[in-house]
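The structure appears right after this line, and notes come after that.
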Amino acid sequence: MDITIISVGKLKEKHFREAEKEYLNKKRKHFKLRCIEVADEKAPANLSRVEIKKIKDKEAKKILHYIKDAHFVIALVIKGEILSTKMLANKIKTIDCEESRNIVFVIGGSLGLSELIIKRANFSLSFSRMTFPHQLMKIILLEQICRLCRE
């Protein structure tokens, strides 16, 4: 099984890049892990709903380029289902054992994810009802994925 994280925008801060590198270099027996970053669109202040939708849809098209029909897509959205670490581990194991599918996690940019991605997703996951910067969310997700090896 392969696990891919697709995120909008680059990790700009050195401490986030170093944390990502550390997680990606950890040894894993049961799956390969990789990260793909797609360029975020410029989002000036005071955008209309229509402009926000256009930007999110442009970002979605870049994301969808990497998603295949056979992938099990998990969108990280604030209104998604909240799972414990153990519940997430069990979900991943179920996807791997019963469906033998590669998993793609998707993290949106500063404006969130387009409905195009949310509709394509097989599952919507939330780590909290709070909002986090997408760079930090990527590190939190990497930590949870690395914990899968221990669950």
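The values are calculated or read from the model by the stated rules, or taken from the named source; none is laboratory data. Only a predicted model underlies this, so the values are computations on that prediction, with no experimental measurement involved. So basically every Cβ, Gly included, is an ideal-geometry build from the backbone, and we count neighbours across all protein chains shown.
How do the strands (runs of 3 or more DSSP E) wholly within segment 62-151 filter down when requiring 2 or more residues that are of a type in the set (A, V, I, L, M) and over 22 Å from Ile52 (Cβ atoms): which remain?
The strands (runs of 3 or more DSSP E) meeting that bar are 72-82, 103-107.
For Ser84, which of the numbered conditions (1) loosely packed, with under 13 Cβ neighbours inside 10 Å; (2) in contact with a helix residue (DSSP H, G or I) (Cβ under 8 Å, 6 or more places away or on another chain); (3) small (Gly, Ala, Ser) fails to hold?
(2)
Identify all residues within segment 90-139 that are of a type in the set (Val, Ile, Thr) and loosely packed, with under 15 Cβ neighbours inside 10 Å; write none if there are none.
Scanning segment 90-139 gives Thr94, Thr131.
Select, from Ile95, Ile107, Ile103, the only residue that is farther than 23 Å from Met130 by Cβ and in contact with a His (Cβ under 9 Å, 6 or more places away or on another chain).
Ile103
Could you list all residues from segment 38-60 that are closer than 30 Å to Lys93 by Cα and either small (Gly, Ala, Ser) or part of a helix (DSSP H, G or I) (or both)?
Glu59, Ala60
What's the total number of residues in segment 38-51 that are under 20 Å from Gln135 (Cα atoms), out of contact with any Asp or Glu (no Cβ under 8 Å at 6 or more places or on another chain) and surrounded by 13 or more Cβ atoms within 10 Å (Cβ to Cβ)?
Looking only at that region, the number is 1.
For Ile55, work out the one condition from (1) surrounded by 15 or more Cβ atoms within 10 Å (Cβ to Cβ); (2) aliphatic (A, V, I, L, M); (3) at pLDDT 95 or above; (4) in contact with a strand residue (DSSP E or B) (Cβ under 6 Å, 6 or more places away or on another chain) it doesn't fulfil.
The number of the failed condition is (4).
Output the residues belonging to segment 10-37 that are in contact with a helix residue (DSSP H, G or I) (Cβ under 6 Å, 6 or more places away or on another chain), in a loop (DSSP other than H, G, I, E, B) and surrounded by 14 or more Cβ atoms within 10 Å (Cβ to Cβ).
Leu11
Which residues, taken from segment 35-49, are modelled with pLDDT under 95 and basic (Lys, Arg)?
Lys42
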